[in-house]
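*Asks:* Starting off with a structure, shown below.
The values are calculated or read from the model by the stated rules, or taken from the named source; none is laboratory data. Source: prediction; values computed, not measured. A quick note on method: Cβ atoms are made from the backbone with ideal geometry, for glycine too, and the neighbour counts reach across all protein chains shown. The area values use the complete protein model at the heavy-atom level, side chains included, leaving out ligands, DNA and RNA. Shrake-Rupley method; radii C 1.70, N 1.55, O 1.52, S 1.80 Å.
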Amino acid sequence: MSDKPKAIYLKDYLPPAFFIDRVQLHVDLKEEATEVHAILTVRRNTAREEADLPLFLDGEAMQLNSISLDGKALTPEAYVLTAESLSIPHVPDEFKLETKVTIDPKNNASLTGLYQSNGNYCTQCEAEGFRRITYFPDRPDVMSHYQVAISADKKQYPILLSNGNLIEEKELADNRHWVLWEDPSLKPCYLFALVAGNFEFLQDHFITCTERSILVRVYVERGNLSQAAFALESLKNAMRWDELCYGREYDLDQYMIVAVGDFNMGAMENKGLNIFNTKYVLANSQTATDMDYMGIESVIGHEYFHNWTGNRITCRDWFQITLKEGLTVFRDQHFSADRGSPLLNRINAVNVIRNSQFPQDAGPMSHPIRPDHYIEINNFYTVTVYNKGAEVIRMIQTLITKDNFRKGMDLYFKRHDGQAVTTEEFLKSMEDASGKELTQFRRWYSQSGTPVLELSSHYDADQKTYTLSVKQSCPATADQKEKLPFHLPLSMALLNAKGEELPLQLKSESEAVPGTRVLDIKEAEQEFCFVNINELVTPSLSRHFSAPVILNYPYTLKELLWLIEHDTDDFNRWDAAQSAGTKILLDLVEKKQQNKTLSVDPAFLHLFSTLLENKSPNGILLEKLLILPSELYLAQQTKTADIESIHAVREWLKRTLALQLENQLLTHYQRLNQLVPYEYSMEALANRSLKNICLYYLLMTDKEEYQQLALNQFHQSNNMTDTMGALIALNDHDTAARERALIEFYGAWQGEPLVVDKWLMLQASSNIEHTLSDVKQLSMHPAFDIKNPNKVRALLSVFSANQARFHAASGEGYQFLSDEVIRIDAFNPQLAARVVEPLLRYQHLDSARQRLIRAELERISKTKNLSKNVYELVSKSK
């Protein structure tokens, strides 16, 4: 990139110079060139003090055919046109601007703006895609009323959709047709949507809390209608849940979801017309796993909940993304927990924080949930903004109580409906509704990094007091050196020898409070002294992961094993198992580095034998207890990760567990391996999860009979969950059984793109030694399409998460990924920026690997015409 792109700063925000009160569009869809005719009703923002500001419109990848102001054509001397903008000096305070442009959706491989997917037209305008459709002030604080006409060939594109309500439709000459949509809601241009294609749809009606009948439809490509029912039902469940939990009724007369196969994101919340990646819509028991069903329900809910938290109340500027995304992730997590398993939902959420968000905090792209600057805004649709943002909302709810949080949400909706606002206005609603001051808490929005809590305790048997000491700190991050103390909740309980929660009374209190206590942590150092503690206790800390922090407490392995068995909080039982597994595995790494014989405390093996034998918790928890901490997480716990040793000892421990627990694992597997009709329920999901983890461990014994057991399950399975369970069990074993199963799987499902993605993911995630070679071959396979984000994520992103194979000492994995990043960046910078991310997190690796990665980042940075998306990431990381 010849000219280094400049950063945009939050501190430089200015309100728009002009508002667009009304947008009238006519999009004439034609194969050779699409014409967009726009009429904008423009009004000067008199609150801006600068005199006679020009009208500035964003626009790129289009040809300007004509432009007029209040009906008078403008000559080229009357405006300034660049590759990225159109500006007109000396305009009146109110006027109508009319433009006609030509765009090329058919060859738009960036998948932003208007583009084609499998021959159908669709849009993606968040964050800054509308500027690829017509000239417009492409920013979220310009909210307008939209009227959209669409014309197209009727045979090729019988379905023509946009936001809002269908007003009129008519036939045109040459077998073309025309429709007119009008959206009664004010919206920013990033929520504009248009779809044209040959779709089938499934429809139903939802009756709201005020007895209004809403038409709900799910549109899919022809041949996929049998996979749309679960998405439609999930939508209706989300609509009902938002009424019951937040009092939010849907406002339009219909709600539409359209599934397309080429999409950079998971889905998009465009007002009344959600455009979805097929991955989060299509499902039946033959093609989708239990986890796919969970993902669909969650994302369907997420996009629907945006109708209020994102659409009716939107962001003033893109620095405020967490205002809508963090809040809506929090809402969809609660929806999923209420619809399914709260425990499974919480474990999955925390795994994202620990395995993805904490490394981001520790890497070169660290940023607060509300960043203060960016070069390319699409780079900040991150796990920090989304998932850590959701944890920040959860902390607010914990600190002010659930009842007050609901009052705060009601106040937020009442005050700001129809507005573009900031995180400050959200926090003010929470403060005013609860009466709790959140000034210090605001640091979560402006400070990056992961706080560390160092905890210690002292029990005084004579005084019958238990004192918990808390020290908080936050390491310097790439973007911020100095950190001030955060305000956070620490949920905890004290358990006696029977595993019972003691009522807790602080020295300053008059009476004890039963159950979990929430401590306000605000200072760098604090002490909490509990009185009337008549016996030795074990603390259960950060219950349900009460804050996104690293918590260090000097638990012994014996205490952790006791908590696994006795803690009254199931999440903390799992968390104790993760801590115990981490402690054991890091000890094994040290032994291996010193060439000592590997061994593990028999108490650890005995506990799991006991759990499997006769004291098993529910199937979901037991399955999660059997999953060891990931190699990525373990690598992050060391100053310099020993990739080979971490992989070797984790495999050794899995094999040791498998051999020790073989009889119990086989008993559970045989008990649960019943051929019954597929049912998506938490009980059935728990049974399948436990059965398949047992099968996985049985194959870790390296006994041939279990290879056959997996093949039998693969051939007899009546659902994709069990089919994949068998394949995952086989996947890390370089055997004829694995090869046979993969060949048969592809042969059976090569016509189903989403199932082919699973086939790619399996091979990219395998531990076998020739995985890199396999992935390189697959990148040239007819089943792989480098222009399809789902395929790219399935192969390249999954491979780069494969610690042992991606981080091969030769550096071949780094070189391969860099080559692919450069290829993708030429046509889809947003996707390329996602693919390059694993190369950014190298600080915990050994010096040789760091040198290899830096060399690749340097090579990428010197690529001609490198996008600002990738430039921003690699320039911060070299």
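*Asks:* In terms of modelled amide H atoms, which long-range or inter-chain residues lie less than 5 Å from the amide H of Met143?
*Replies:* Amide H neighbours of Met143, under 5 Å, 5+ apart: Ile20.
*Asks:* Which three lengths, in whole Å and largest first, does the stretch 83-144 cover when its Cα atoms are put on their principal axes?
*Replies:* Largest first, the stretch 83-144 extends 44, 24, 19 Å along its Cα principal axes.
*Asks:* For the ranges 267-276, 845-854, what's the packing order if you count other beta-carbon atoms within 10 Å of each residue, average per peptide, and put the highest first?
*Replies:* 267-276, 845-854
*Asks:* Please list, in order along the stretch 19-24, the HN-Hα scalar couplings obtained from phi with the Karplus expression 6.51 cos²θ - 1.76 cosθ + 1.60 (θ = phi - 60°), rounded to whole Hz, x for Gly and Pro.
*Replies:* Per-residue couplings from phi come out as 9, 10, 6, 9, 10, 10 Hz.
*Asks:* Please list, ordered by chain and number, the residues whose modelled amide H lies under 5 Å from the amide H of His367; skip anything fewer than 5 residues away on the same chain.
*Replies:* Those qualifying (amide H under 5 Å, at least 5 residues apart or on another chain) are Gly449.
*Asks:* Continuing with this model, one more query. Place the peptides 42-49, 374-381 in order of packing, highest mean first, counting for every residue the other Cβ atoms within 10 Å and averaging per peptide.
*Replies:* The densest-packed peptide leads the list: 374-381, 42-49.
*Asks:* If you don't mind, there's one more thing I want to ask. Share of the stretch 606-720's accessible area from carbon and sulfur, percent, 1.4 Å?
*Replies:* On the stretch 606-720, the fraction of accessible area on carbon and sulfur atoms equals 47 percent.
*Asks:* Between the alpha-carbon centers of the stretch 802-878 and the stretch 133-187, tell me the distance in whole angstrom.
*Replies:* 40 Å
*Asks:* Of all GluC sites (Glu not before Pro) in the stretch 643-714, which ones are in loop regions per DSSP and have a Cβ with at most 13 other Cβ atoms within 10 Å?
*Replies:* Answer by residue number: Glu679.
*Asks:* Report the Stokes-Einstein translational diffusion coefficient (µm² s⁻¹, integer) for the stretch 699-829, Rh taken as the Kirkwood radius over Cα pairs, at 25 °C with viscosity 0.890 mPa s.
*Replies:* For these conditions, the coefficient is 159 µm²/s.
*Asks:* Could you please tell me the mean projected area of the C-alpha convex hull for the stretch 187-238, averaged over all directions and given in square nanometres to one decimal?
*Replies:* Details: hull surface 19.7 nm².
That works out to 4.9 nm².
*Asks:* What are the residues whose amide H is under 5 Å from the amide H of Asn270, where those residues sit 5 or more places off or on another chain and H is modelled from the backbone?
*Replies:* Placed amide hydrogens put Ile275 under 5 Å from Asn270.
*Asks:* Give the separation of the Cα centroids, the stretch 499-520 to the stretch 412-438, in Å.
*Replies:* Distance between centres, Cα-based: 31 Å.
*Asks:* Something else now. Would you kindly calculate the translational diffusion coefficient of the stretch 76-224, applying Stokes-Einstein with the Kirkwood radius from alpha carbon pairs, for 37 °C and a viscosity of 0.692 mPa s, and quote it in µm² s⁻¹ without decimals?
*Replies:* Translational D for this selection: 187 µm²/s.
*Asks:* Now, a different point. Could you grab the relative contact order for the stretch 400-463? Cα pairs under 8 Å, six or more apart, rounded to a whole percent.
*Replies:* It rounds to 34 percent for the stretch 400-463.
*Asks:* Next up: Taking all protein chains as present, what is the carbon and sulfur share of the accessible area of the stretch 114-191, in % to the nearest whole number, probe 1.4 Å?
*Replies:* Here carbon and sulfur together make up 46 percent of the probe-accessible area.
*Asks:* Per residue, how big is the convex hull around the C-alpha atoms of the stretch 540-605? Give it to me in cubic angstrom, could you?
*Replies:* Looking at the stretch 540-605, the number lands at 86 Å³ per residue.
*Asks:* Size of the stretch 563-720 along its principal axes in angstrom, Cα-based, largest extent first?
*Replies:* In descending order, the Cα extents are 51, 40, 26 Å.
*Asks:* In addition: Report for the chain the percent antiparallel among DSSP-assigned beta bridges with both residues inside it, nearest 5.
*Replies:* Taking every DSSP beta bridge with both residues in the chain, the antiparallel ones total about 80 percent.
*Asks:* Separate question: Stretched out fully, how many nm does the piece from Val531 to Glu35 gain, at 0.36 nm a residue minus the Cα gap?
*Replies:* 171.0 nm
*Asks:* Across every pair of different alpha-carbon atoms, what Kirkwood hydrodynamic radius in Å does the chain reach?
*Replies:* 29.1 Å
*Asks:* Could you compute the FRET efficiency for Ala736 and Lys11, with r as their C-beta to C-beta distance and R0 at 51 Å, rounded to 0.05?
*Replies:* Values: r = 63 Å, r/R0 = 1.23.
That pair, Ala736 with Lys11, gives E of 0.20.
*Asks:* Which shape class, rounded, prolate or oblate, goes with the stretch 226-364 when its Cα gyration tensor gives a ≥ b ≥ c as root eigenvalues, a/c under 1.5 marks rounded, and past that a/b bigger than b/c marks prolate?
*Replies:* The shape class here is rounded.
*Asks:* Also: Over all Cα pairs of the stretch 140-234, how is the pair count split among 10 Å bins, expressed in % and running from 0 up to the last occupied bin?
*Replies:* Over the stretch 140-234, the share of Cα pairs per 10 Å bin runs 14, 35, 38, 12, 0 percent.
*Asks:* What is the P(r) of the stretch 303-458, as percent of Cα-Cα pairs per 10 Å bin from 0?
*Replies:* Going from the shortest bin to the longest, the percentages are 10, 39, 37, 12, 1, 0.
*Asks:* Before anything else, pin down the relative contact order of the chain: Cα pairs under 8 Å, at least 6 apart, normalised by residue count, whole percent.
*Replies:* Here the relative contact order equals 9 percent.
*Asks:* How do 600-606, 23-29 rank on mean C-beta neighbours within 10 Å, highest first?
*Replies:* In descending order of packing, they fall as 23-29, 600-606.
*Asks:* Same structure again: How much accessible area per residue does the chain have, counting only protein heavy atoms and a probe of 1.4 Å, in square angstrom?
*Replies:* On the way: 34070 Å² over 878 residues.
Ligands and nucleic acids excluded, the figure is 39 Å² per residue.
*Asks:* To continue, here is another question. Carbon and sulfur atoms: what percent of the 1.4 Å accessible area of the stretch 751-873 do they account for? Before the final figure, lay out the partial values.
*Replies:* Details: 2350 of 4530 Å².
Ligands and nucleic acids excluded, carbon and sulfur give 52 percent.
*Asks:* Rounded, prolate or oblate: which fits the stretch 1-136, taking a ≥ b ≥ c as square roots of the Cα gyration tensor eigenvalues, rounded meaning a/c under 1.5, else prolate when a/b beats b/c? If you can, show how the numbers build up before the last one.
*Replies:* Numbers: a/c = 1.87, a/b = 1.32, b/c = 1.41.
In terms of gyration-tensor shape, oblate.
*Asks:* With viscosity set to 0.692 mPa s at 37 °C, what whole-number translational diffusion coefficient in µm²/s follows for the stretch 587-636 from Stokes-Einstein and a Kirkwood radius over Cα pairs?
*Replies:* Details: Rh = 12.9 Å.
Using the Kirkwood radius from Cα pairs, D works out to 254 µm²/s.
*Asks:* Restricting things to alpha carbons, find the Rg to Rh ratio for the stretch 399-454 using the Kirkwood radius for Rh.
*Replies:* So for the stretch 399-454, dividing Rg by the Kirkwood Rh gives 1.04.
*Asks:* If you don't mind, there's one more thing I want to ask. Using each residue's phi in the stretch 485-490, evaluate 6.51 cos²θ - 1.76 cosθ + 1.60 at θ = phi - 60° and report the 3J(HN,Hα) Karplus result to the nearest Hz, with x for Gly and Pro.
*Replies:* My calculation for the stretch 485-490 gives x, 8, 9, 8, x, 10 Hz in order.
*Asks:* Now for a separate question. Spelling out what I want: for every residue of the stretch 751-758, take phi, set θ = phi - 60°, compute 6.51 cos²θ - 1.76 cosθ + 1.60 (Karplus), and round to whole Hz; glycine and proline get x.
*Replies:* With the stated coefficients, the stretch 751-758 comes to x, 10, x, 5, 6, 4, 4, 5 Hz.
*Asks:* Averaging over all projection directions, find the projected area of the Cα convex hull of the stretch 387-490 and quote it in nm² with one decimal place.
*Replies:* On the way: hull surface 35.5 nm².
About 8.9 nm², averaged over all directions.
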